[in-house]
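Down below is the structure, laid out as structure tokens.
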Amino acid sequence: VGVEFAPDLPAAQWRTDRETIAAHATDRSGWRPDGQCRGVAFAESVADVQAVLRAAFSARIPVVTRGAGTGLSGGAGATDGSIVLDLSRLRRIHEISVPDAIAVVEPGVITADLDRAAAHHGLRYAPDPASVEISTIGGNIATNAGGLRCAKYGVTRDSVLGLDVVLADGERIRTGGRTVKGVSGYDLTSLFVGSEGTLGVIVGATLRLRPIPAQTSTIAAYFGSVADACDAVVRIAAAGIVPVMAELLDALTLGAIDAAQGSALTSHGNAFLLVQTDGAAAHEEAAAVERVLAASAISMSRTDDPDEAQELIATRRLALPSLERTGRVLIEDISVPRSQLATAMAAVAKISADTGVAIFTLAHAADGNVHPIVVVDPALNEIPTEAWEAAAQIFALALRLGGTLTGEHGIGALKRRWLGEELGPRNHQLQQQLRQVFDPREILNPGKAL
Ligand SMILES: Cc1cc2nc3c(=O)[nH]c(=O)nc-3n(C[C@H](O)[C@H](O)[C@H](O)COP(=O)(O)OP(=O)(O)OC[C@H]3O[C@@H](n4cnc5c(N)ncnc54)[C@H](O)[C@@H]3O)c2cc1C
């Protein structure tokens, strides 16, 4: 480990005990780097973040910024000799402005807490990763998190207007602002969104809020096959309807939920599709969706009651926790053009058959964002070769279909080896050069993202 390091923080905010280090070693991907961090710094102010970075910069010590550690790509994994900079105590909502429809928040705010606070003012924060109750705004921004509602409201980037960022040397800058429009200079706000802790530490954000929709309709449908469900999603788009969400679960995933929750979802069909519409025309749009689905669905039910809708959405949110009960979950998140969704789902099933690796699949279908999920024995230290082989085939499939390795979880530590294939050599090199500009001493989450 070499250089001694102790940031200028009160003892309660700089922890080097075994329990704290163990609790910050990995994220929800379970990826474990060799070795361990030096300690965990708990920032309680922007000045604390600056103090940690100044010290790390001068001692050239790597800093792994951490929100809630719910990431699925190893991005917050604590690499050997690093300092983990935990931002979870920075959880103040400074402002919610109704006239400007914005919120100004600290990075450690839990996403759902912001949404609930906005609701008191008739507003909502649209991005809703399935982890809304456990992930932070800072982590969502650093990964450009997607969510169920992004089919209509976009990903996190579409809700970020401005950022407060501490750079590698401890200096603080602001990007963007409180306006929806703004084109002065390069769009550094967007550059920081999705940068996975490699360009700076996000210490504040100005976020766009939207009105709570007057009406919401939610339709749950079962199909005989995944192909029928994918086809229905394409036909919904062709009918000119932009649903809030279209969530798809395959038969294996339904079975895993049944096993974990004691439900009987598999008795209804081999694929489950949850479609939601919202806004003043929600009911009419839902009726149009029902007409589209009627052509191929085995069964269908609809509710215009928002509380009942939450119960249906809960089924979708139960998928990952149910799978996590059965072992260590490796969740991929390729994204393909929506027109290629059925092809992608069928090809993933074939990869499962060819490699002998069980792959559970769910999808944010309206976005073409597919989550093939491999569950491995948690007792294994290493991910088995055949699981990597299946993952490699899934990534190659995504690129072949004109898609991407990761729609929302980020490259982190786990997908770096494939990134070059997606970006191409010159784009990859440009991004490495860009990183150098922001992080000349290579202290910001090295070994991740690029
Ligand atoms: C059950 C479950 C469901 C999920 N569903 C979704 C989903 O629907 N959509 C989706 O996109 N993701 C989903 N995720 C993944 C995860 O919740 C998101 O990636 C989330 O954005 C991570 O937030 P976090 O606060 O936990 O960040 P962490 O895991 O702590 O960090 C993630 C990355 O961001 C960096 N980082 C964190 N905070 C900052 C900051 N303030 N400044 C700079 N860098 C920072 C870290 O260094 C790391 O690289 C899910 C995870 C789980 C466990």
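Values computed for the structure shown
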quantity: Unique match (being of a type outside the set (Phe, Trp, Tyr), in contact (Cβ under 8 Å) with a residue 24 or more places away in the chain and in contact with a Phe, Trp or Tyr (Cβ under 8 Å, 6 or more places away or on another chain)) among Gly81, Gly35, Gly74; calculated: Gly74
quantity: Selection within the range 232-256 - open to solvent by less than 20 Å² (accessible area, probe 1.4 Å), in contact with a Phe, Trp or Tyr (Cβ under 9 Å, 6 or more places away or on another chain) and either over 17 Å from Pro372 (Cβ atoms) or of a type in the set (A, V, I, L, M) (or both); calculated: Ala232, Val244, Leu248, Leu249, Leu254, Ala256
quantity: Tabulated pairs, the range 266-282, first in contact (Cβ under 8 Å) with a residue 24 or more places away in the chain and part of a helix (DSSP H, G or I), second among the β-branched types (Val, Ile, Thr) and open to solvent by 10 Å² or more (accessible area, probe 1.4 Å), C-beta under 6 angstrom, 6+ apart or interchain; calculated: Ala282/Thr216
quantity: Among residues of the range 421-444, those that are closer than 22 Å to Glu389 by Cα and either within 15 Å of the ligand (Cβ to nearest atom) or open to solvent by less than 30 Å² (accessible area, probe 1.4 Å) (or both), counted; calculated: 1
quantity: Test result for Ala229, open to solvent by less than 10 Å² (accessible area, probe 1.4 Å), in contact with a strand residue (DSSP E or B) (Cβ under 6 Å, 6 or more places away or on another chain) and not in a strand (DSSP E or B); calculated: yes
quantity: Test result for Ala392, among the small types (Gly, Ala, Ser), closer than 24 Å to Glu324 by Cα and touching a strand residue (DSSP E or B) at 6+ places or on another chain (Cβ under 7 Å); calculated: no
quantity: Qualifying positions in the range 381-410 - part of a loop (DSSP other than H, G, I, E, B) and over 23 Å from Ala365 (Cβ atoms); calculated: Asn381, Glu382, Ile383, Pro384
quantity: Failed condition for Gly447, given (1) in contact with a helix residue (DSSP H, G or I) (Cβ under 9 Å, 6 or more places away or on another chain); (2) open to solvent by 30 Å² or more (accessible area, probe 1.4 Å); (3) more than 12 Å from the ligand (Cβ to nearest atom); calculated: (3)
quantity: Boolean, Gly194 is within 16 Å of the ligand (Cβ to nearest atom), at pLDDT 95 or above, more than 25 Å from the chain's Cα centre (by Cα) and crowded, with 18+ Cβ neighbours inside 10 Å; calculated: no
quantity: The range 232-263: number of residues that are at pLDDT below 95 and in a loop (DSSP other than H, G, I, E, B); calculated: 2
quantity: Those residues of the range 319-338 which are at pLDDT 95 or above and of a type in the set (Gly, Ala, Ser), in sequence order; calculated: Ser335
quantity: Selection count, the range 145-155, where residues are within 8 Å of the ligand (Cβ to nearest atom) and touching a strand residue (DSSP E or B) at 6+ places or on another chain (Cβ under 9 Å); calculated: 3
quantity: Spans of strands (runs of 3 or more DSSP E) in the range 1-105 with at least 2 residues open to solvent by 30 Å² or more (accessible area, probe 1.4 Å); calculated: 93-97
quantity: Test for Glu324: is it more than 16 Å from the ligand (Cβ to nearest atom) and open to solvent by 60 Å² or more (accessible area, probe 1.4 Å); calculated: no
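Quick grid of which residues meet (1) within 12 Å of the ligand (Cβ to nearest atom); (2) within 17 Å of Thr70 (Cβ to Cβ); (3) not hydroxyl-bearing (Ser, Thr, Tyr):
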{"residue": "Val105", "(1), (2), (3)": "yes, no, yes"}
{"residue": "Asp115", "(1), (2), (3)": "no, yes, yes"}
{"residue": "Ala126", "(1), (2), (3)": "no, no, yes"}
{"residue": "Ala130", "(1), (2), (3)": "yes, yes, yes"}
{"residue": "Leu161", "(1), (2), (3)": "no, no, yes"}
{"residue": "Val165", "(1), (2), (3)": "yes, no, yes"}
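The values are calculated or read from the model by the stated rules, or taken from the named source; none is laboratory data. This one's a predicted model, so the numbers in the text were calculated from it and none came from an experiment. Heads up, the Cβs are rebuilt from the backbone with ideal geometry, glycines too, and the neighbour counts pull from every protein chain shown. Accessible surface areas use protein heavy atoms only, side chains included; no ligands, DNA or RNA. Shrake-Rupley method; radii C 1.70, N 1.55, O 1.52, S 1.80 Å.
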